[in-house]
Structures are given as structure tokens and as C-alpha cells.
1. Separation of segment 528-557 and segment 87-157 by C-alpha centroid, Å?
2. On full extension of the chain, what length is gained from Ser316 through Ser329, given 0.36 nm per residue of separation minus the C-alpha to C-alpha distance?
3. Rounded to the nearest Å, what's the spacing between the alpha carbon centres of segment 376-398 and segment 252-266? Just the number, please.
4. Which far-off residues, 5 or more places away or on another chain, put their amide H under 5 Å from the one on Ser113, with H placed in the peptide plane?
5. What ³J(HN,Hα) values, in whole Hz, does the Karplus curve 6.51 cos²θ - 1.76 cosθ + 1.60 give for segment 516-527 when θ = phi - 60°, with x put for Gly and Pro?
6. Would you mind checking segment 599-642 for residues with the amide N under 14 Å from a putative spin-label position 7 Å along Cα→C-beta of Ala551?
7. Using each residue's phi in segment 76-84, evaluate 6.51 cos²θ - 1.76 cosθ + 1.60 at θ = phi - 60° and report the 3J(HN,Hα) Karplus result to the nearest Hz, with x for Gly and Pro.
8. Whenever you get a sec, compute what percent of the accessible area on segment 300-373 sits on carbon and sulfur atoms (1.4 Å probe).
Amino acid sequence: MNEFTASPGWPPGGGITAALARATDWSSTPLGDESGWPPGFRTAVELCLASAFPCFVSWGEGLVQIYNDAAIPLVGERHPEAFARPLSEFWPYAWEVIRPLVAEVTERGETVSREDFAVRSTGGDQKDERYTFSCSPLRDATGKVAGLFSTVIQTTRRVRAEGNLRDNEARGAFLLALADRLRPLGDPEAIMEAGSEMVRGHLGLASASVGAPGAADGDGTTAARPGPGAASAPPPAGGRDVFVEGAPGGPPARAAIPLHKAGRLAAWFHAVDTGPRAWRPAERVLLRDAAERIWEAAEHARAEAMAREGQRRLRSLVEGIPQLVWRASEGGEWTWSSPQWRAYTGLPEAEALGHGWLAALHPEDREAAMAAWRQSETSEGFEAEFRILRRGDMCYRWFQTRATPVRDENGTVVEWLGTSTDVDELRRMGQHQRLLLGELQHRVRNTLSVIRSIIRRTVQASGNLDDLAMHLDGRIDAFSRVQAAVTRNPERGIDLAQLVADELLAFSAREGRQVRIEGPAVTLRPKAAETMALAIHELATNAIKFGALSAPQGRVDVDWEARLAGETPRLIFCWRESGLGAVGLPEHHGFGTEMFERTLPYELNAEVRHDFVQDGLRCTISLPLSDRLVKEETLAALGLAG
């Protein structure tokens, strides 16, 4: 029996849609007044409105739809206008998808269910929504399918979450594979090429590459210089990601990802597809992440290459300098030593670690070295001089060792960097310099003593001022010539032949018609040369004033020889004048006489014979051939060395 009397409270329930059903004038709808509804339909409506799950009941011509409160979120902004409206009007954007399912239920009379079924949204964003539903047939009194009872659950969030999870897992797996591919590569260009090829293959692109940024365009945007195969990449603006989906028959889809270095745009990652493409959010994220990973790997490779180059240069510098280089921690405990240290001391690096380096120091210097380290704790550096053993000849040499503390950003000393420099020669030179200074002081005192003696004796022997000036000037000149030669090379000594020639040359007397100089090579020591120079000067002065060089026919023969026979080898120096005829004896004795009779014997242990023969002066000076008067090379040449 289909007739019933609708109570004022039908359908029961206090929900929104129950109240809406009670307030609806059903007689104005294709369903007609509710008093004529079949019992099965009324029961289905009551079950739908009372259900806690989203439910829909569709009945009659056009399948007029009734839904419950739980379904209101699915209806969205079309509620309440969609209530009691035909199904095709309720789902206008998805009717073409839903109609085959409705037909399957109405025509076959079978329940149809779907999980995560995609239905176009009823809103303006035209996005697919996902639903899981079960749709069962409702029959009239004749058993014919007259309506539908549907339970619908929206699964869009879950499906999207699962899709995002799958995308994230796929992106993570790809990025891991990308990292594994790039890790063994050390060349930045190879890294960018290999990474771009992986992105291209993974997304099925026509090309992918990294390109340098170009110059600014006329509109103020920054154009990218495309990589290979990316000639149609868009001109990115403002350093932001750019995705172009392309169009059929037009340019293909393309993307550009900005890459930065130190906060500034450094390059672009370009991707070009084979045709149009709707870039999914997951693809955009993957492109951005992959581009950044590739760029970071390339920059890391560049940094490592620069670091290796810096280390190579530092190693070359450290290994190329003559100093012994080392590193130490607090208290002078070494942590590293350079190859120079190992080569010089023969101490392996492992044995030099800690305080092992002390083994290479002279035993007398080890405590001083550690004392310097203890002192460095309160100073800004370490400095000490000690002797280090040279393994090649087992000889200790002096080294100046310095170290500077290396501090972290907080100022804490993390290690010491030090060098040891060979100063052995410098110390020897310093000692030699001190010896030379002492010798110079001694020479100056001696020189002043000689000059005082020359002045005193010249004054005593001079009859007037003119005579004093002449003799004093000549004698000091003779002395100064020797001093000049000695100063030029104190160790060399003075050649006797040159000494004689210089004194005669001072009086414009040269070897030739009037002068002959002959004798073996003899090098006098400076003190002996000073005295001999004054003696030769007196002989030359006398020859100019009174002797052989005062007349054109006069002649001077100067020669010397070494007489090795006898107990004491001697150097015999002879001065012979001739060509003057009868020569008178000197009227008075002066500086010259004192020189030959007293100074030469006293200063040089010389034996002097001074005779005036018929035609000129004969002077013979006999000197002992000892290393006090002549240089070692002269003694060696004469066979007297040792």
C-alpha cells in the first residue's frame, strides 16, 4: 500500500537537511507530494537523513536528489539550492563521468562501487576531486529500479597526501641516485653535464643544461644564456623560477631555475620538453631540488679544486723554502714536521712527534728549548736558538727557531706553526766580524803609533819647516799606500815587487833605463809591509836627492832572493845604486839612519848592512822567512810550509 498520511514532523530528525526536507514543497518537484511516495523511497530517505556518513538518495524522473547533513561539505557552495534538484544539475561538471555509472545501476540493477574515483570539481577551479562510493538500486512496488541510494566519502586529501608521499619518495630516491652519480666526479663541468642528463632522462625532457646568466634585457629582466638544446628557454625575470607549459603547434614546455652563489645570481638551470606539458607541483619541486643539488655539487667541486690547488701551492712553498717547518700543540708537542726536517735530521716524522724532536737537538740545548716553550705560554710567540744535528755529516749547526700561535675565532690557541732557520754561517760571520773589529781597533792603534813615531822622528831629524813638511808628507804617503792595499784585502797581504814599484813610482821612477826590479814572488804580511815600505821610501828619497836617481846616468837595481841554506832560511833584499862616480858619506844621521839601524832590526828581526861604495849606496836587508813576516803561500812556494 503506497498511500500514507505525512505527519507534520516527517521526516524525523533535527538535522539541517531534515528540516529542509520538511520545509520543501514536494508537490512542486518531479517527485510530487510526499504522500504519494512509495514506502521504500520514504524509508531510504529516512535512512539517508539519519546516517552519519554522506548519503544521497535519487528518485524518479531525472533522479531528483536528497542528501543528508554529512553530505553538505561535499555539496559545497551549491547547498541548499542543490537539494531536491535532478542529479544531472547537481553534478554539471562531472555528469559525463557519472552518467555511465548511474546507467550501470539503473539498467542492470546492480550495486556499483568505486574507490578514489576522480570527479571534476563543481567549483570554478576545475580540479579533480576523489571519492570512494557505493551506489545501490532502489526499486518501486513493481520491482523496477526507480532510484539510487549512494554512500559517498571524499578521499581527495588522502589521495593527494598519498600522491605527495609517492612523489616525495620518488623525488628522494632520484636525488639519492643523483648524489651517487655526482659523488665520484671532481670536474664541475662533468658534474653539471651528468646531473643535467639524469634530470632529462628522469622527466623525459628534450634537453636539460646549466647556463650562465646573460646581460639585462631592455625591459629590465635578466636573460639566461641557454645551454645546449635549450635555445628556446624563456627570459627569466627577477631571478625567480619560470615554468612555461607551451601549446600544441607552438613552442614546447620549458623551465628555468635560478642558481645563486654568495646571494647573487650565478647561473640558470634550463629544461625543455618535447612538446606542451603541464608542470605538476612535484615536477617543479624536483626540478628545483635537482638543479640546486647539481649546482651545489659543482660549487663544492670548484671549492675542493681550489682547496687542493691552495694545498699544493702551500706544500710547494713549505717544501721549497730552506727552513725546517713544523706544527706543534701546547707545550711544544709536535704534530707534524716537513720533509726538510726529516731530510736534514734523518729523524722520521713519527719519531719527531710529541717531544721526540728534542732527540735532534744538541744535549746541552734541550733544556733551554723547553724553557723557551714554557715562556711562550705567557707571550705571543716562541723564539730560541739551538743546535740541530745534520745527519749527513753528524755535525751540529745553529738554528734560529720561531713559532707563531694559530688561534680560532674565539682567540684560543689551537696550534703553533714554526720554522727553524740555519743561522750557523750567520753566527760564524758575526764572530768573524767581531774579530775584524778587534783587528781594526788594533790596526788603528798601531797606525796611530806608527804615525806618531814618523812625526816625532821626522821632527827630530829635520833642520827647518820646509824639510820637515817634505819628509813628513813623503813618509806618511808611503805608509798610507800600504794601508790602502791592506784595507782592500786584509787577508791577501802585500806583494814585495809591487811595494817597491809603488814607492819608486811615487818619485816618477819607473822600471827601464834607470831602474831594475827583480825577485821571486813574495807576499809580506801587513805589519812587515808597513816597515819595509818606510825603509824603501827612505832609500828612494835618498836616491832622488843625493843618489843614483839625482843624475841622468845613475841607476838603481833592486832584487831579492831566498836563501834556504843554514839554520834559518832568510830573504835577502838588496838595493844597489851606481853610475855616480865618487860618492861622499852623509853629513848627518836622521830618520833613515834610525830606520835601518834600529826600526828594521827591532820590528822585523832584520839584519841590515848599509854601505857607501865608490859609485853609490849598497843596502842589504836580511829578513827571516817566517810566517810572522810572509804569507803561507810564499812559504809553500819556497818549500817551507809545515
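1. With segment 528-557 and segment 87-157 each reduced to a Cα centre, they are spaced 146 Å.
2. So the chain would gain 2.3 nm between Ser316 and Ser329.
3. So the two Cα centres are separated by 57 Å.
4. HN-HN under 5 Å from Ser113: Cys135.
5. Once rounded to whole Hz, the list reads 10, 10, 8, x, x, 5, 9, 10, 8, 6, x, 5.
6. From segment 599-642, the list is 613-617.
7. So the J values, rounded to whole Hz, are x, 6, 7, 6, x, 4, 6, 5, 6.
8. 56
The values are calculated or read from the model by the stated rules, or taken from the named source; none is laboratory data. What you see is a predicted model; the values in this text were computed from it and never measured. Methodologically, a virtual Cβ is constructed for each residue, glycine included, from the backbone with ideal geometry; neighbour enumeration extends over all protein chains shown. The area values use the complete protein model at the heavy-atom level, side chains included, leaving out ligands, DNA and RNA. Shrake-Rupley method; radii C 1.70, N 1.55, O 1.52, S 1.80 Å.
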